[in-house]
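Have a look at the structure below before the remarks.
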Amino acid sequence: MRVLVTLRHHVGEMLPEITQLIKLQQRDQRIRALQKELKDIPKNEAMAKMQLAGDLAAVEAANQRAKEIEVKIKGVELDIATRQNSIKRLHDQQFETRKNDEFQALGHEIKRYEGDVRALEDTELEHMEALETAKAVLKEAQAKLAITQERVNEDLKSLAIRAEGVKSRLTDEEAERKTLADPVEAGTLSLYDRLFTKKGDAAVVALTNGICGGCHMKVVMGTVQQLRAGELLTQCESCGRILYLVE
């Protein structure tokens, strides 16, 4: 395949346009790599933050457990207070009654409530011990989270610095790219740009031993002869990439 752009040059020498396009392509490949690096930074930031997920969940679970135990303790305290009020009321009734059997019945009720209070106090003690354990677990989870958070903060800071550096380098590369692209003939540059965008790796590749460096297909002899003549910008008939001869 021949491009409309035709330039005379010495046989066996590389066309000046090819040399310029190779330099331009090297720049474009660096630009593409920097753009990908910049695009990947938000993903890396998200991955860094994901390190916190497990520790945050552990803190939340430990905190929830402590709160549940505290609610149980308050419930037991309320039950104890209720029964203590009942005991006080029964004592008052005992003091007021003049009947022996009623006095004894009230006494049995008092003992029953006192037994309930003792059982509830034992339960409260168990809950308080469980709360101590839960608070220790929470404290440990919070300490682990703090360490992870510090590491993630450092990672995020490094990524932010890296992003600024990549942006700066990208700006420089793009400026140098413009300088390299300006001398290239418009038709040739347009062809190169289309190929570089479409192929995703390279628009200009070497032809070695008759094999295209892009698609790795063998070209026809006419393509090799055209390249040896060094007069025309030549493309691979299989993939369309611009070729230069390496012998």
If you go through VAL246, VAL220, the only one that is over 41 Å from the mean Cα position of the chain (by Cα) and open to solvent by less than 80 Å² (accessible area, probe 1.4 Å) is VAL246
Provide a single number: the residues in region 101-127 that are exposed (fewer than 15 other Cβ atoms within 10 Å of the Cβ) and in contact (Cβ under 8 Å) with a residue 40 or more places away in the chain.
-> 1
Inside region 208-229, can you point out the residues that are closer than 18 Å to TYR192 by Cα and in a loop (DSSP other than H, G, I, E, B)?
-> GLY213, GLY214, CYS215
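So is ARG98 farther than 21 Å from LEU138 by Cβ, touching a residue at least 24 places away in the same chain (Cβ under 8 Å) and not small (Gly, Ala, Ser) or not? Give the steps one after another, and end with the answer.
Values: farther than 21 Å from LEU138 by Cβ: yes; touching a residue at least 24 places away in the same chain (Cβ under 8 Å): no; not small (Gly, Ala, Ser): yes.
No: the conditions fail for ARG98.
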Answer residue from region 199-212, given it is more than 16 Å from ALA33 (Cα to Cα) and without any contact (Cβ under 8 Å) to a residue 12 or more places away in the chain and is surrounded by the most Cβ atoms within 10 Å (Cβ to Cβ) among those = ILE211
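Would you say VAL205 is in a loop (DSSP other than H, G, I, E, B) and within 15 Å of GLN20 (Cα to Cα)?
On the way: in a loop (DSSP other than H, G, I, E, B): no; within 15 Å of GLN20 (Cα to Cα): yes.
No: the conditions fail for VAL205.
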Among the residues of region 175-190, is any open to solvent by 90 Å² or more (accessible area, probe 1.4 Å) and of a type in the set (Ser, Thr, Tyr)?
-> yes
Residue count for region 146-174, restricted to those that are among the acidic types (Asp, Glu), surrounded by 12 or more Cβ atoms within 10 Å (Cβ to Cβ) and under 15 Å from ALA48 (Cα atoms) = 1
Flagged pairs (Cβ under 8 angstrom, 6 or more apart or on separate chains; first in region 43-64, within 10 Å of VAL152 (Cβ to Cβ); second among the polar types (S, T, N, Q)) are GLN51/THR148; LEU52/THR148; LEU52/GLN149; ASP55/THR148; ASP55/GLN149
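The values are calculated or read from the model by the stated rules, or taken from the named source; none is laboratory data. Here the structure is a predicted model, which is why all the values come from computation and not from measurement. Cβ coordinates were reconstructed from backbone atoms using ideal geometry, including for glycine residues, and neighbour counts include every protein chain displayed. Ligands, DNA and RNA are stripped out before the accessible areas are found, and what is left, the full protein with its side chains, is counted by its heavy atoms. Shrake-Rupley method; radii C 1.70, N 1.55, O 1.52, S 1.80 Å.
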